[in-house]
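What follows is a short report on a single structure.
The values are calculated or read from the model by the stated rules, or taken from the named source; none is laboratory data. Note that the coordinates shown come from a computational prediction; the quantities given were computed from them, not determined experimentally. Heads up, the Cβs are rebuilt from the backbone with ideal geometry, glycines too, and the neighbour counts pull from every protein chain shown. The area values use the complete protein model at the heavy-atom level, side chains included, leaving out ligands, DNA and RNA. Shrake-Rupley method; radii C 1.70, N 1.55, O 1.52, S 1.80 Å.
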There are 2 protein chains.
Amino acid sequence: MKAVEDKIRAEGKIGEGDVLMVGSFLNQQMDIALLSEAGKEFYRLFGGEGVTKILTIEASGIGIACLAAQYFGVPVVFAKKSRTSNVAGDVYRAPVISYTHHTTADAIVAKEYLHKEDRVLLIDDFLAKGNALVALSEIVKQAGATLVGAGIVIEKQYQGGGDALRAEGMRVESLAKITAMDPEHGCTFAEE
Amino acid sequence: MKAVEDKIRAEGKIGEGDVLMVGSFLNQQMDIALLSEAGKEFYRLFGGEGVTKILTIEASGIGIACLAAQYFGVPVVFAKKSRTSNVAGDVYRAPVISYTHHTTADAIVAKEYLHKEDRVLLIDDFLAKGNALVALSEIVKQAGATLVGAGIVIEKQYQGGGDALRAEGMRVESLAKITAMDPEHGCTFAEE
């Protein structure tokens with residue numbers, strides 16, 4: 001999606017440790033017009049799949065999932081990153097490693113919000129090694145629900161997570177796919 | 001807002017420790033149609049105030065803020081709850097105590113996303129003792145920006161946080177105000 005690539009070129013900053021900082025429009029400040037367009041694009045890609053729920057993980061996936069959900073007309077469920085006192089009853093649970101923050105936590109969803117009849121679309125802001133998607137798809141599997149695929153705003157394709165999931169049969173659609181990145185040359189994107 | 005009160009009556013569960021569980025539509029599963037209506041209502045209330053940014057705090061405020069921001073046509077900025085490696089540079093920072101989770105963290109916003117010219121609307125899902133709003137308003141103050149007010153989905157008014165902030169001059173608008181709550185009688189709402 002050209003608008004996302006243009007925004008990364010204009011505002012993305014490449015930091016130490018291979019981190020792409022897009023806090024100006026994606027994961028601290030959120031450009032709602034752009035992300036609403038992203039949501040519409042996810043609907044174009046997955047609108048025919050009979051999606052009944054959008055599943056994401058806190059925190060920065062939530063806004064994008066909510067904007068996209070308006071087009072699908074379905075609820076959003078977000079996985080929490082550790083068990084908290086206001087998640088009642090039985091939960092689905094899968095470990096997730098954060099590439100950016102060097103932490104491990106459990107992704108947790110209360111069982112009452114995902115059922116075997118659900119057709120689930122995963123949405124997230126970033127895909128690098130794919131750990132969040134693996135955890136979310138594990139939760140979908142635990143629920144016995146059907147995984148329709150994943151919609152991602154920015155994929156760091158060169159880190160391999162997305163292609164590994166595609167090789168396993170997951171439909172992963174990323175609006176901007178970065179094939180190379182360094183502070184001197186900036187980001188290179190995959191050809192459409 | 002009657003739709004929010006009706007939803008609380010229909011789906012809210014009152015748990016131990018005076019916790020209102022609304023995970024079915026607000027803070028784990030999100031009813032996007034209802035929350036989009038909530039966003040529209042915030043725009044009716046604050047649309048004339050020249051808002052330039054909506055400020056919220058992760059995690060469950062983010063979705064509501066994004067849905068509301070579509071009506072205002074402004075970006076959302078969300079405070080993170082601890083300093084993370086992808087928040088670059090100088091930050092505003094204020095302590096916030098979570099009533100539900102019994103934890104203390106810093107609310108953090110990168111300075112580049114809030115400026116003294118900004119007119120800021122705070123949005124959050126819950127208001128109980130008001131700790132999150134106090135932290136966010138402190139961040140607005142640090143930025144030298146103008147605080148327009150706060151839009152809240154559910155206020156537990158009997159906990160006093162909202163009224164304390166109103167007494168200090170903050171405009172706080174809550175779509176459902178709970179004046180009393182117990183497992184036997186459920187929630188009582190303030191008269192309009």
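Tabulated results
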| item | result |
| --- | --- |
| Wholly enclosed strands (runs of 3 or more DSSP E) of the stretch B:1-85 bearing at least 3 residues hydrophobic (A, V, I, L, M, F, W, C) and on the phi < 0 side of the Ramachandran plot | B:19-21, B:53-57, B:76-79 |
| Qualifying position, being within 14 Å of chain A (Cβ to nearest Cβ), in contact with a helix residue (DSSP H, G or I) (Cβ under 7 Å, 6 or more places away or on another chain), modelled with pLDDT of 95 or more and under 26 Å from A:Glu112 (Cα atoms), among B:Leu26, B:Leu35, B:Leu55 | B:Leu35 |
| Checking B:Ala164 against (1) outside any helix (DSSP H, G or I); (2) of a type in the set (A, V, I, L, M, F, W, C); (3) over 14 Å from the mean Cα position of the chain (by Cα), the condition it does not meet | (1) |
| B:Ala180 vs. criteria over 25 Å from B:Arg44 (Cβ atoms) and in contact with a helix residue (DSSP H, G or I) (Cβ under 7 Å, 6 or more places away or on another chain) | yes |
| Leading residue by the ranking (most open to solvent (accessible area, probe 1.4 Å)) among those in the stretch B:27-68 that are farther than 17 Å from A:Phe25 by Cα and among the acidic types (Asp, Glu) | B:Glu37 |
| Qualifying positions in the stretch A:1-26 - open to solvent by 40 Å² or more (accessible area, probe 1.4 Å) and β-branched (Val, Ile, Thr) | A:Ile14 |
| Positions within the stretch A:112-130 being open to solvent by 50 Å² or more (accessible area, probe 1.4 Å) and away from chain B (no Cβ under 11 Å), in sequence order | A:His115, A:Lys116, A:Glu117, A:Arg119, A:Lys129 |
| Count of the stretch A:54-73 residues which are touching a residue at least 40 places away in the same chain (Cβ under 8 Å) and either touching a Phe, Trp or Tyr at 6+ places or on another chain (Cβ under 8 Å) or polar (S, T, N, Q) (or both) | 9 |
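Residue by residue, here is whether (1) modelled with pLDDT of 95 or more; (2) aliphatic (A, V, I, L, M) holds:
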residue	(1), (2)
B:Leu133	yes, yes
B:Lys141	yes, no
B:Tyr158	yes, no
B:Asp163	yes, no
B:Arg166	yes, no
B:Ser174	yes, no
B:Ile178	yes, yes
B:Gly186	no, no
B:Phe189	yes, no
